[in-house]
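Student: Dropping a structure here in structure tokens format, bear with me for questions.
The values are calculated or read from the model by the stated rules, or taken from the named source; none is laboratory data. What you see is a predicted model; the values in this text were computed from it and never measured. Note that each Cβ is placed from the backbone with ideal geometry, even for glycine, and that neighbours are counted across all protein chains shown. Note: accessible area is taken over every heavy atom of the protein model, side chains too, but ligands, DNA and RNA are not part of it. Shrake-Rupley method; radii C 1.70, N 1.55, O 1.52, S 1.80 Å.
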Amino acid sequence: MRAAGGPDVAVGDVLLSVENVSLSFGGVKAVSDVSFDIRKGEIRAIIGPNGAGKTSMLNVINGFYQPQKGRITFKGQTRSKMRPHDAAYGGIARTFQNVALFRGMTALDNIMAGRTLKMHASFFWQLLRYGPALREEVENRERVEEIIDFLKIQEIRRVPVGRLPYGLQKRVELGRALAMEPELLLLDEPMAGMNLEEKEDMSRFVLDVNDHYGTTIALIEHDMGVVMDLSDRVVVLDHGNKIADGTPDEVKRNQAVIDAYLGVAH
């Protein structure tokens, strides 16, 4: 899969850079002068204690929040603000800390919703469900069926997601994000609330997405075992500040990181 919009970026080159970004809500600083980059093809973890600013950082990257300071460069295009539709059309997809699915719709229909940006037939043809609209629906349905097979959820494809266990709902949400054919996939605590078996399954799918589709992944995750196993590089936030950045081995030996997680630094 390859997302449209912007120049191609070679594996290992910087795909997205965050430069001196600051975000405040009133007098509360969620992110303070943070800089880091994400390289094409890697799995980049963003970690930190509760309240560190991790989700706020993802929200800045894909345009839900607009920073008061700093800039974002994605595929060579620099913006002081990334609007949500620019992020989506440019190739950034997102899953959420709390599952955000259409609970009354089937797993198939939820994943199909991720193809909306890829469907261009006019409202007239869509209303008739004929001609260009029908061809487009068939083509997009084929891509969705490929994702369903990839995620091994064939048996629940016709089940309303509100009736699915939490781990499968998370997998459907991942499928909807993949349906957008992202170049950069943002995963906000994809293992949260899962048991050990579900975490192992999701970890395998994250690795498979990165390997099979070549999708660059940035993920927030509290399970340090998962972070150390999956990530190529890790950036650590604490109270909105960046306190470490490096390989998993470098980060876990960093005294500032140890202090932050043990509650010593503050």
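Student: Quick one: in the stretch 127-157, of everything that is open to solvent by 50 Å² or more (accessible area, probe 1.4 Å) and outside any helix (DSSP H, G or I), which residue is modelled with the lowest pLDDT?
Tutor: Filtering the stretch 127-157 for residues that are open to solvent by 50 Å² or more (accessible area, probe 1.4 Å) and outside any helix (DSSP H, G or I), the one modelled with the lowest pLDDT comes out as Tyr130.
Student: Within the stretch 158-179, which residues are open to solvent by 30 Å² or more (accessible area, probe 1.4 Å) and among the aliphatic types (A, V, I, L, M)?
Tutor: Across the stretch 158-179, the qualifying residues are Val159, Leu168.
Student: Another question, then. For the stretch 42-69, enumerate the residues that are open to solvent by 30 Å² or more (accessible area, probe 1.4 Å) and in contact with a Leu (Cβ under 9 Å, 6 or more places away or on another chain).
Tutor: Restricting attention to the stretch 42-69, the residues satisfying the condition of being open to solvent by 30 Å² or more (accessible area, probe 1.4 Å) are 50-51, 55, 64-66, 68-69.
The answer is Phe64, Tyr65, Gln66, Gln68, Lys69.
Student: Could you say which residue among Phe36, Phe64 is closer than 27 Å to Ser203 by Cα and modelled with pLDDT of 95 or more? Write out each step before concluding.
Tutor: Numbers: Phe64 fails: modelled with pLDDT of 95 or more.
Of Phe36, Phe64, the one residue that is closer than 27 Å to Ser203 by Cα and modelled with pLDDT of 95 or more is Phe36.
Student: While we're here: Would you mention how many residues in the stretch 70-90 are crowded, with 16+ Cβ neighbours inside 10 Å and part of a loop (DSSP other than H, G, I, E, B)?
Tutor: Number of matching residues: 2.
Student: Are any residues in the stretch 194-224 outside any helix (DSSP H, G or I), at pLDDT 90 or above and crowded, with 20+ Cβ neighbours inside 10 Å, and if so, which ones? Before you say what the answer is, go through the steps one by one.
Tutor: Quick first cut of the stretch 194-224, residues outside any helix (DSSP H, G or I) only: 194-195, 214-223.
Applying the additional criterion that residues be at pLDDT 90 or above yields 214-220.
Scanning the stretch 194-224 gives Thr215, Thr216, Ile217, Ala218, Leu219, Ile220.
Student: Could you please let me know if Asp188 is within 23 Å of Asn62 (Cβ to Cβ), at pLDDT 95 or above and surrounded by fewer than 22 Cβ atoms within 10 Å (Cβ to Cβ)? Lay out the reasoning, then the answer.
Tutor: Values: within 23 Å of Asn62 (Cβ to Cβ): yes; at pLDDT 95 or above: no; surrounded by fewer than 22 Cβ atoms within 10 Å (Cβ to Cβ): yes.
Considered against the rule, which asks whether it is within 23 Å of Asn62 (Cβ to Cβ), at pLDDT 95 or above and surrounded by fewer than 22 Cβ atoms within 10 Å (Cβ to Cβ), Asp188 comes out as no.
Student: Can you give me the number of residues within the stretch 91-112 that are open to solvent by 30 Å² or more (accessible area, probe 1.4 Å) and either part of a loop (DSSP other than H, G, I, E, B) or modelled with pLDDT under 85 (or both)?
Tutor: Total meeting the criteria: 9.
Student: Working only within the stretch 214-254, note down all residues that are small (Gly, Ala, Ser) and farther than 14 Å from Pro49 by Cβ. Outline the logic, then answer.
Tutor: So the first thing to find is which residues in the stretch 214-254 are small (Gly, Ala, Ser), and the list is 214, 218, 225, 231, 240, 244, 246.
Within the stretch 214-254, Gly214, Ala218, Gly225, Ser231, Gly246 qualify.
Student: Still on this structure, I have one more. When only residues in the stretch 198-219 that are without any contact (Cβ under 8 Å) to a residue 24 or more places away in the chain and of a type in the set (Asp, Glu) count, which is nearest to Tyr166 (Cα to Cα)?
Tutor: Per the criteria, the residue is Glu200.
Student: Hey, can you tell me all the residues within the stretch 225-244 that are hydrophobic (A, V, I, L, M, F, W, C) and in a strand (DSSP E or B)?
Tutor: Val234, Val235, Val236, Leu237, Ile243, Ala244
Student: Now, a different point. Restricting to the stretch 16-63, and then to whatever is among the β-branched types (Val, Ile, Thr) and touching a helix residue (DSSP H, G or I) at 6+ places or on another chain (Cβ under 8 Å), can you tell me which residue is farthest from His239 (Cα to Cα)?
Tutor: If we filter the stretch 16-63 for residues that are among the β-branched types (Val, Ile, Thr), which is where we start, we get 18, 21, 28, 31, 34, 38, 43, 46-47, 55, 60-61.
Now restrict to residues that are touching a helix residue (DSSP H, G or I) at 6+ places or on another chain (Cβ under 8 Å): 18, 21, 31, 34, 43, 46-47, 61.
Working: Val18: 17, Val21: 14, Val31: 8, Val34: 11, Ile43: 23, Ile46: 13, Ile47: 12, Ile61: 18 Å.
So, considering only residues that are among the β-branched types (Val, Ile, Thr) and touching a helix residue (DSSP H, G or I) at 6+ places or on another chain (Cβ under 8 Å), the one farthest from His239 (Cα to Cα) is Ile43.
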